[in-house]
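Every number in this text was worked out from the coordinates using simple rules, so none of it is lab data. Source: prediction; values computed, not measured. Every residue, glycine as well, gets a Cβ built from its backbone with ideal geometry; the counts of neighbours run over all protein chains shown.
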Amino acid sequence: SFHFGVEAADHNMALAKSGTIYQSDTLAGAIVATANRITDSESFESFLKLFLHGEIKLSSTFYCYEASLGDNDKGMPVYFLPMPKIVTLKETDHYKVIRKLRFVSHAVWQEGFDRVDEWIDNPDYHIIQGQFLIKAGELPENVKYLIRERVDPKVKVHAEEGHDDRLFNVSSVQLREEGGVQLYFMYDLGEIEESQKRLFFTCLEVLSNDS
């Protein structure tokens, strides 16, 4: 499970709500911090400048499903992108359904967003758990959800008995228990040097192992 931090009213509420994506600035910070751990100061400074000057570009992390032909048959991954906010604000006969959509498959994205009413009550499209919009046949029929959001009550170990803030909640996002769902992100390394590319991918490997 993952807790993706979002803005909170104060530090006591920091864990009470989780986002559904890992933001690009947080991902960049994790990569830079890892580089600082594993390389020398000179290499790190030049690597850091690549981010500060926009020579390395990252997206936030999104979801993908790896088995489009069935849970045991590996097909082409189905990549999801966040639903553009402007689409959920469009005037439509199905506003209550459209505004709850959070992600669309790449196939839907490529079609554009001019005819959103066609998504509803149309056998060519499926909506999974009210949040993910796909083209018919992109996912196996037995895939009923991709992520779940849960809230776990916790107790502060070192807080005194009777304090109001002794209890708190931790929200998290869980990927489909049966498998198939992964996180991905997009990147553009531009014209950076080969040694810096190697450092970039080494940082990703270290982050993956550490997580």
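Numbers below:
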| quantity | calculated |
| --- | --- |
| Förster radius 30 Å - calculated FRET efficiency between residue 197 and residue 172 (Cβ-Cβ, nearest 0.05) | 0.35 |
| Compactness of the stretch 168-211 as Cα Rg over 2.2 N^0.38 Å, two decimals | 1.68 |
| Rounded if a/c under 1.5, otherwise prolate or oblate - the stretch 37-139, Cα gyration tensor axes | oblate |
| Estimated D of the stretch 84-131 in µm² per second, where Rh is the Kirkwood radius over Cα pairs and Stokes-Einstein applies at 4 °C, 1.567 mPa s | 117 |
| Links that overshoot a 23 Å alpha carbon limit, given the list 100/144; 96/144; 96/135; 85/197 | 85/197 |
